[in-house]
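Asks: This structure is in structure tokens; I'll ask about it shortly.
Computed from the coordinates by the stated procedures, all read-outs in this text should not be read as laboratory data. The model shown is predicted, which means the values in this text are computed figures rather than measured ones.
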Amino acid sequence: MLGRRSDHGKPHAGTDNAVEQNEARLISQIAAGELNAFEDLYRIYHPRLSRFLDRVTRRASLVEELLNDTMLVVWTRADRYNGSCKVSTWIFAIAYRKALKALQRLDEPVEDLDADLRASSDAGPEQQVSQRELRELLAGALDGLSAAHRAVVDLTYFHGIGYREIAEIVDCPVDTVKTRMLHARRRLRGMLAAQLGDLL
């Protein structure tokens, strides 16, 4: 179901470098107190961090608060960014730590109340039902993983981040990231194997 991701051979290295340089420039401007640069970076990261925080916490009510807490750290501590990693690595690491702290304060069970509202408007009624059921299955399966495992799956498959960078974000060795991914994929495969047969 989930393919293997390699850290090698990015297809658009030139584009990636331009993006990294632009984001590093914005961080330098933010460190100098330029609000317009912060607004630009906020617009770039808002959708990415929203998806990431939602997948890690499984609590939609927390996402906006955690995103704003993350970006507040970016605004107040931009001068501490030293260029030793990508800007995205630095920002996702802040978001990950904020998410884990929030989860430690909360321990109630999570229900995704919006899952049935996310069917594509382009799909026919039967396809909408199938898509909704598939999303519910995936959401339920991800809920069965720990926050640490959800983070690794999300960063790999939804943000295209390699294992070495994920290791920096979640502050653990690369081998631990690989082990978490192996465990997460095995759990997802086990949880979804029987149910997906009816939907696919």
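Asks: Projected area of segment 12-107, taken from the Cα convex hull and averaged over every viewing direction, in nm²?
Replies: With the hull built on Cα positions only, its mean projection is 6.3 nm².
Asks: Go through segment 37-53 residue by residue and turn each phi into a ³J(HN,Hα) via Karplus (6.51, -1.76, 1.60, θ = phi - 60°); whole Hz please, and just put x for glycine and proline.
Replies: 5, 4, 4, 5, 5, 4, 4, 5, 8, 3, x, 5, 5, 4, 5, 4, 5
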